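As structure tokens, the structure follows; a few thoughts come after it.
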Amino acid sequence: MGLLFALVGAVGFSFKAILVKLAYRHGVDAETLLALRMAYALPFFLIMALVAGRRAVRPLGRRDWSALATLGFLGYYLASYLDFLGLQYITAALERLILFLYPTLVIVLSALLLGKPVTRRMGVALALCYLGVALALGHDLQVGGELREVALGTALVFGSALAYALYLMGNGEVVGRLGSMRVTAVATSIACVFCLAQFFALRPPATLLQPWPVHGLALAMALFSTVAPVWLVSEAIRRLGAGPVSLTGTLGPVVTIFLGWLMLDEIIGGAQIAGAALVIAGVLVMARR
């Protein structure tokens, strides 16, 4: 079940970039689209939090609230916002490949912050992953992307991957202490509040009056690329651990590349395919025991 949860969650997350790009065609900005997504998702997470709270053996303490707020900020607010911003400038396929670097960032951060050694095998894996992203970047520039825009989009999405890597490093211990459903529901509810507060600080409320396709896409994002996958991945981490779950994400870039071609008319090139293969190979090399 842990493997199934991880696979379905990976597909759900992969579909998000496609929905975001489709919504951008209607002129909506990143802050408004993210607020709509989280507004539609918030009631589901509040219900999950209520159910999880009733089943819990103890109430949340100050330490728990602090940890959940940090996880919500990093994993569901900051990572999402940077990702939405980056998708304004790069293809969905390149976005997914960059986000897929998060296991490499976990290794680098573990070495820097926790003193864990980087083995030769991990070094080879890192080289494969970043060479693959470089090839995919070249593909985006070749098919018409402006250098400045592609560079900005790449930097924003890389920041999203970094925030998610930090979230993963802290998720396991908190999930083990409080439970998957409770952590997911409360942390994501907090992230929804962050997103909505950001929107009302930056935009007038009337901006929420978007065309019905934008609301439909935001609702689809909330249900199929937010509510379901964040719980599925969190539960998979509890059952399998962060390492095996990162392996199942290898499906993500393939799904996004195919859907980008099918639904967004994104061009698939040899450099992009080679880049995706190298990134996936790098993650697989890292995951070997």
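The values are calculated or read from the model by the stated rules, or taken from the named source; none is laboratory data. Only a predicted model underlies this, so the values are computations on that prediction, with no experimental measurement involved. SASA here: full protein model, heavy atoms, side chains in, ligands and nucleic acids out. Shrake-Rupley method; radii C 1.70, N 1.55, O 1.52, S 1.80 Å.
In whole percent, what relative contact order does the chain give with Cα contacts below 8 Å and a gap of six or more residues?
44
Using the alpha-carbon positions of the range 29-139, Rg (one decimal) and Dmax (whole number) come out as 18.5, 53 Å. Only helices enter this figure: runs of n ≥ 4 DSSP H residues, each worth -39500 (n - 2.57), summed and divided by the residues of the chain, yield -26500 deg cm²/dmol at 222 nm to the nearest 500. Across the protein chains, with a 1.4 Å probe defining accessible surface, the residues I18, I267 rank I267, I18 from largest area downward. Solvent exposure of the chain amounts to 44 Å² per residue of accessible area, where only protein heavy atoms count and the probe is 1.4 Å. Where the alpha-carbon atoms of the range 50-109 are placed on the principal axes, they occupy 45, 26, 18 Å, in descending order.
Which order do R182, R55 take when ranked by solvent-accessible area (1.4 Å probe, heavy atoms of all protein chains), largest first? Numbers along the way, then the final one.
Working: R182 25, R55 175 Å².
Accessible-area ranking of R182, R55, largest first: R55, R182.
Using heavy atoms of the protein chains and a probe of 1.4 Å, the accessible area assigned to L78 is about 50 Å². Using the empirical formula 2.2 N^0.38 Å as the baseline, the Cα radius of gyration of the range 146-289 reaches a ratio of 1.23. Short-range pairs are left out: with C-alpha atoms under 8 Å and at least six residues apart, the relative contact order of the range 106-248 is 28 percent.
Computed with a 1.4 Å probe on the full set of protein chains, the accessible area for S234 sits at about 0 Å².
Accessible surface of V124, taken over heavy atoms with a 1.4 Å probe and every protein chain present, rounds to 80 Å².
Using the Kyte-Doolittle scale, which helices in the chain average at least 0.5 and also have C-alpha atoms spread 20 Å or more along the helix axis, with helices defined as whole DSSP H runs? Before the final figure, lay out the partial values.
Values: long enough: 2-24 (34 Å, 1.77); 30-55 (36 Å, 1.18); 120-142 (33 Å, 0.92); 147-178 (45 Å, 0.98); 180-202 (33 Å, 1.65); 270-287 (26 Å, 2.07).
Result, helices passing both filters: 2-24, 30-55, 120-142, 147-178, 180-202, 270-287.
The apolar share of the surface of the range 189-237, taken as the fraction of accessible area on carbon and sulfur atoms (1.4 Å probe, ligands and nucleic acids excluded), comes to 83 percent.
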